[in-house]
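**Student:** Below is the structure I would like to discuss, written out as structure tokens.
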Amino acid sequence: MTKLYLAIPCYNEEEVLHDSAEKLLVKYTELMNSGKITEDSKIVFIDDGSKDRTWEIIKELHEKNPVYQGIKLSRNRGHQNALLCGLMTLKDKADAVISIDADLQDDINAFDAMIEKYEAGCDVVYGVRSKRETDTFFKRFTAEAFYKILNKMGAKVIFNHADFRLMTKRALDAFSQYKETNIFLRGMVPLVGYKSDVVTYERFERLAGESKYPLKKMLALAWEGITSLSIQPIRMITWLGAIIFFISLIMIIYSLISHFTGSAVSGWASTLCSIWALGGLQLLAIGIIGEYIGKIYLETKRRPRFIVEEFLED
Ligand code: UDP
Ligand code: MG
């Protein structure tokens, strides 16, 4: 039996909280009765500095039924930080923690499959959306493009997986060694390694209230994802510099030919060559400096250099 904790970040969720809590309790009772999770498993809400009645509701729930617990952040720190707080606070209390949004857009009936995979020895189980029919065309297009771009940039994210996942205590312990402050959880969890699997589910529409992720926050998250997982953009500058410098060599030859065949105005060749060559050299130099900055950046993260999975000793 698994001691399962749920980590649920909430920001201004008074409209959905009662409903979500009720649905989760039904699911939990079912899982407890069928002996899949222990009686002391918990449903934990993390209030991310909400300005509405969210925290009052969490307190009421906790008083009514101790299966509900609450963590209150001192102020709004954003979804990723709230979730991280939940995971790190709960990691020593549970066998496994599932993270899920308060609006229950992710299917709570996927819990069963996640627990099965956990029992089969997986340390991380990713919830992956089977289709995106409930999304607008715009959201689907931008979201899928984002996953593709990230993968091209060398950050290995799981396609169509957001933050609905199960992690074991062992995976969370390993994850806690990632001390960086700029966090993009779905891109960092795969760095931990260990045996993992996916569970596919259909995502629903939000129960009530509105999305706390407007386009602006989505773009900010995407940018955070790219810049905290990859130094590829810097490398692109280096390449651009090299390419422009190469073009400048062709331009030098071209302008020399023009000069000697007499078809160029005097002064043109030297001006043109210096513009191209200097532009290319400057970009190249910025790129090289950038490479070092990229290295400094990676060093400052102080990420663990290895995580031992097993040690056959004695
Ligand atoms: N959330 C949070 N802090 C924030 C914004 C959002 O904890 O600053 C929580 C929110 O309460 C929800 C989850 O993050 O549980 C995902 O937000 P939402 O459902 O609005 O995003 P969407 O599903 O529209 O992408
Ligand atoms: Mg949502």
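**Student:** Along the three principal axes, how long is the stretch 1-144 when you take its alpha carbons, biggest first, rounded to the nearest angstrom?
**Tutor:** Dimensions of the stretch 1-144 along the principal axes of its Cα atoms: 39, 38, 26 Å.
**Student:** Tyr254 accessible area, nearest 10 Å², 1.4 Å probe?
**Tutor:** Only protein atoms counted, so the area is about 120 Å².
**Student:** By accessible area of protein heavy atoms, probe 1.4 Å, what ranking do Arg186, Arg165, Arg77 get, highest first?
**Tutor:** If we order Arg186, Arg165, Arg77 from most to least accessible, we get Arg77, Arg186, Arg165.
**Student:** Rounded if a/c is under 1.5, else prolate if a/b beats b/c, else oblate: with a ≥ b ≥ c from the C-alpha gyration tensor eigenvalues square-rooted, which is the stretch 174-314?
**Tutor:** It is prolate, given that a/c is not under 1.5 and a/b is the larger ratio.
**Student:** Counting only protein chains, not ligands or nucleic acids, how are His259, His161, His79 ordered by accessible area (probe 1.4 Å), most first?
**Tutor:** His259, His79, His161
**Student:** Holding the Cα-Cα limit at 30 Å, pick out from Lys152/Lys179; Lys23/Lys51; Lys131/Lys301; Lys72/Lys131 the pairs that are longer than that.
**Tutor:** Among Lys152/Lys179; Lys23/Lys51; Lys131/Lys301; Lys72/Lys131, the Cα-Cα distance tops 30 Å for Lys131/Lys301; Lys72/Lys131.
**Student:** Where does each of Ile226, Ile43, Ile289 land when they are ordered by accessible area, with a 1.4 Å probe and the largest first?
**Tutor:** Most to least solvent-accessible, the answer reads Ile289, Ile226, Ile43.
**Student:** Let me ask another. Please report how far the C-alpha centroid of the stretch 100-119 lies from that of the stretch 225-239, rounded to the nearest whole angstrom.
**Tutor:** Each part reduced to its Cα centre gives a spacing of 34 Å.
**Student:** For Glu202 paired with Leu278, estimate the spin-label separation in nm (one decimal), with each label point 7 Å from Cα along the Cα-to-Cβ line.
**Tutor:** Placing both labels 7 Å along Cα→Cβ, they lie 6.3 nm apart.
**Student:** Classify the chain as rounded, prolate or oblate from the Cα gyration tensor: take a ≥ b ≥ c as the square roots of its eigenvalues, call it rounded if a/c is under 1.5, otherwise prolate when a/b beats b/c and oblate if not.
**Tutor:** Prolate, since a/c reaches 1.5 and a/b exceeds b/c.
**Student:** Continuing with the same structure: Residues of the stretch 94-132 with the amide nitrogen closer than 17 Å to a label point 7 Å from the Cα of Tyr213, along Cα-to-Cβ, please.
**Tutor:** Counting backbone N atoms under 17 Å from the label point, the list is 99-108, 126-132.
**Student:** Find out how many positive minus negative residues lie around Leu221, taking Lys and Arg as positive, Asp and Glu as negative, among other residues whose Cβ is under 12 Å from that of Leu221.
**Tutor:** Its environment carries a net charge of +2.
**Student:** Can you bin the stretch 116-172 into rounded, prolate or oblate? Criterion: square roots of the alpha carbon gyration tensor eigenvalues sorted a ≥ b ≥ c, rounded for a/c under 1.5, prolate for a/b above b/c, oblate for the rest.
**Tutor:** oblate
**Student:** In 10 Å bins starting at 0, how do the alpha-carbon pair distances of the stretch 1-71 split up by percent?
**Tutor:** Pair shares across the bins are 21, 53, 21, 4.
**Student:** Could you let me know the centre-to-centre spacing of the stretch 144-164 and the stretch 175-212, using Cα atoms, in angstrom?
**Tutor:** Here the two parts' Cα centres lie 11 Å apart.
**Student:** Express the relative contact order of the chain as a whole percentage, based on alpha carbon pairs under 8 Å and six or more residues apart in sequence.
**Tutor:** The normalised contact order for the chain reaches 17 percent.
**Student:** Take the Cβ-Cβ distance between Lys93 and Phe311 as r, set R0 to 22 Å, and report the resulting FRET efficiency rounded to the nearest 0.05.
**Tutor:** 0.30
**Student:** Relative to the present Cα-Cα distance, how much length would full extension add between Lys152 and Glu39 at 0.36 nm per residue of separation?
**Tutor:** 36.2 nm
**Student:** Here is a further query. Give me the one-decimal nm value for the distance between modelled label points at Glu56 and Met1, 7 Å along each residue's Cα-to-Cβ direction.
**Tutor:** 3.7
**Student:** Using just the helices of the chain, give the 222 nm mean residue ellipticity in deg cm²/dmol: DSSP H runs with n ≥ 4 each add -39,500 (n - 2.57), and the total is spread over all residues, rounded to 500.
**Tutor:** It lands at -17000 deg cm²/dmol.
**Student:** Please enumerate, by chain and number, the aspartates and glutamates with C-alpha under 14 Å from the C-alpha of Lys117, excluding those fewer than 8 residues away in the same chain.
**Tutor:** Asp95, Asp197
The values are calculated or read from the model by the stated rules, or taken from the named source; none is laboratory data. Worth saying up front: this structure is predicted, and the values here are computed from it rather than measured. Neighbour counts run over all protein chains shown; Cβ positions are idealised from the backbone, glycine included. In case anyone asks, the SASA skips ligands and DNA or RNA and just uses the protein heavy atoms, side chains included. Shrake-Rupley method; radii C 1.70, N 1.55, O 1.52, S 1.80 Å.
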